[in-house]
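The values are calculated or read from the model by the stated rules, or taken from the named source; none is laboratory data. It should be emphasised that the depicted structure is a prediction, and the values quoted were computed from it without experimental measurement. Positions of Cβ are backbone-derived with ideal geometry, glycine not excepted, and every protein chain shown enters the neighbour counts. Note: accessible area is taken over every heavy atom of the protein model, side chains too, but ligands, DNA and RNA are not part of it. Shrake-Rupley method; radii C 1.70, N 1.55, O 1.52, S 1.80 Å.
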Amino acid sequence: MSLESAGFEARIAQLEHQLEWVTRQRDEFSERTTQLASYVDELTAHRSGITPARSSEAPRGITFIVAAYNIPRQIRRTLLTLTPGYQGFGNDSTDGTGDADVDVVDVQVIVVDNGSDTPLETSDLDDVVPGVELIRVDGHPSPVFGLNKAIESARHDTIAMMIDGAHLLSPGVIRSTMEIRQLFENPVINVPQYLLGAEAQNLLPDDRPDPFETETADLAEMGWPEQGYSLFTYALKATEVADRNPFQWAETNCLITTREVLERCGGFDERFDEPGAGMANVEFFHRLTHDPDNQYVLLAGEGSFHQDHHGTTTGVSVDVRKERVDRFHQRNEELFGYRFPALCRSPFVYGVVRNDAQTVPTISTSYGIERGRVLANLAKIYVDHLVVGQEPPRLHLTSRVPQDEHVARPPLTPTGLLEPRAEAIGVTPADLDYLGVLARLHELRKPKLYLEIGVDNGNSMRLAKCARVGLDPDFELTMTQAFPTKIFKIRSDSFFANEGWCANHLKGGVDLAYVDGMHLSEYVLRDIINTERWMNEDGLIVVDDVFPDRMEMAGRERDFAAWCGDVYRVVPILREYRPDLTIQVVEAFAGPYRKGLAMISGLKPGDPTLVDAYDEIEQRLADGDFTATSIEELASWAQPVPLPDAFAVLGHTDVFGEQQ
């Protein structure tokens, strides 16, 4: 090693040491800042707050109705959070105030045992909540029947309903509810729901240690239940999306309202008779919050925290949950003819939102930390570029191999086909850009449902001005999607194998499909077969990468940045086995490289020919049939047609008239 290299290595080591020190200092400062914020919250709880003047007819009691099924340990912890002591009424307050002068509120607690394998007994719970009432319901897998029965037994006019009894409440729920009752005539109160833990429950492995014991140890270390609001530091928003609008909720596990509202609007809909109640809680929440005579109030500074107990949707994998929720939605459509939209009514927001409640992340605690770091860096990049008057770069965050393919693999020298081919056809070079061709197809055909296999960054999907479904096991969107979009992080074969998913998400038929998935002929052929099943007869399938401009781009192994794979082989296969299809190959380019597009029309969604012949075709592919040895042979199979002629066959004439 040269002296220059040795000096360079020493400087790198020094910089790494400095970076480690700076990172440690930053983390310590962040921890101190968090502690300071908690102290400020505790101080303001003593010294300030918004408390409306009480009227002479202020409610003096509240009934909690809690449904339970096979959660004997979790229900005890839930009931603790409903007690007057925990909720801050008396000297044993755990809300940090210790205010002994707060008026006493009578709390009635009704537990609905929805057919637990081992029935709950009053003696199991009475030491936590003296006088707890127990209703046992057998023969109904859905908890809605027991909840409605308990509503009839409520002795107070203020009623809180918890459809999943494994939720812990923060310490200010009752206090805030009593104050809200004096401000609003018909309040419907949403206590926002969170997941308990440092990682999303449904993303954890099934063989993890007993979650109840893990939570017990973690809660004790946090000082809970004495420090009731510490729950926010051990919580996640119940979603896997990057962010969550803090004022939009589809449901709540603790909905509080009045007897008069329930008598006027009705209780839980007992047609939701499936285990777990399906969409009953969402429907109930939506019905009550959208009644114009009710006032929707969000307790943004309080929370309902779900304990990990392998619940109907929280204790299963993402794929299982999607399938289960899809089934719930289908049941909902059977009952009402439509799916419930996201909450669109703006809430009254009540109460003090503590610092901890403002920073609850999604997915995991570590994700929340990294998200904050990445967004801070992103902001700095954009600020720096705006200061010097430059356009900010388009960034791409990935955990995979670097996505700059021109760096990852050697480039091919362009053959220079673009301009002469455009001139020969009578169009501009821009017209032959594959995204431009797709954009024209969207504009002219105006599909109602668009399917894309191989979404990648969303660059082609964003062209659709309609409902869109995308399939890609490894997509990473960098393009905004403005229209209703569903993208499944799954292989196309797996998606199509699930008949329920296809029937649900592709119902009504696909009008335009773009196949740009795995660049291997057998995969593309299966994508075409599966896609045609769900197409409308007058629909159009567009297949990418069928006409490369050189053989180096047409191999099954990717050696260069520009690559089409052996997708070209599906064209002669389709012409041999499905001569009834209209297949038009057009020259289309990605930058300077020709990749080609095949437009397939004359579809017959029920045709079994390719399915019946698939094993034979796959063997022929393995044997080397339909393999071109030169670009001339490949072109003879492609039989390309000029772009304007292809559009004319589809019924779109004079599309390029001004340039010819």
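Rolling a 1.4 angstrom probe over the stretch 455-551 with all protein chains present gives an accessible area of which 51% lies on carbon and sulfur atoms. Expressed as a whole percent, the accessible surface of the stretch 582-660 that belongs to carbon and sulfur atoms is 48, based on a 1.4 Å probe. If only the Cβ of Lys and Arg carry +1 and only the Cβ of Asp and Glu carry -1, the dipole of the stretch 550-599 around its Cα centre is close to 40 debye.
If you wrap a convex hull around the Cα atoms of the stretch 581-624, how much volume per residue is inside, in Å³?
Convex hull of Cα atoms, per residue: 103 Å³.
The mean accessible area for residues of the stretch 480-576, using a 1.4 Å probe and ignoring ligands and nucleic acids, is 37 Å² per residue.
Taking a sphere under 12 Å around the Cβ of residue 595 and counting the other residues whose Cβ falls inside, with K and R at +1 and D and E at -1, yields a net charge of -4.
Cα gyration tensor of the stretch 149-192, axes a ≥ b ≥ c as square roots of the eigenvalues: rounded (a/c below 1.5), prolate (a/b > b/c) or oblate? Because a/c hits 1.5 or more and a/b fails to exceed b/c, the stretch 149-192 counts as oblate.
For the stretch 150-304, what class follows from the C-alpha gyration tensor (a ≥ b ≥ c being the square roots of its eigenvalues): rounded when a/c is under 1.5, otherwise prolate if a/b is larger than b/c, else oblate?
Details: a/c = 1.88, a/b = 1.51, b/c = 1.25.
Prolate, since a/c reaches 1.5 and a/b exceeds b/c.
Ignoring ligands, DNA and RNA, what percent of the 1.4 Å accessible area of the stretch 181-289 is carbon and sulfur? Carbon and sulfur atoms account for 52 percent of the accessible area of the stretch 181-289. Sorted on the mean count of surrounding Cβ atoms within 10 Å across their residues, most packed first, peptides 622-633, 287-298 read 287-298, 622-633.
Under 1.5 on a/c is rounded, so check that first for the stretch 115-228, then, if it is not, pick prolate when a/b is larger than b/c and oblate when it is not; a ≥ b ≥ c are the square roots of the alpha carbon gyration tensor eigenvalues. Oblate shape, in that a/c is at least 1.5 and b/c is the bigger or equal ratio.
Net charge of the neighbourhood of residue 626, taken over other residues with C-beta under 13 Å away and scored Lys/Arg +1, Asp/Glu -1, is -4. Counted by Cβ distance under 10 Å from residue 549, the other residues give a net charge of +2, where Lys and Arg count +1 and Asp and Glu count -1.
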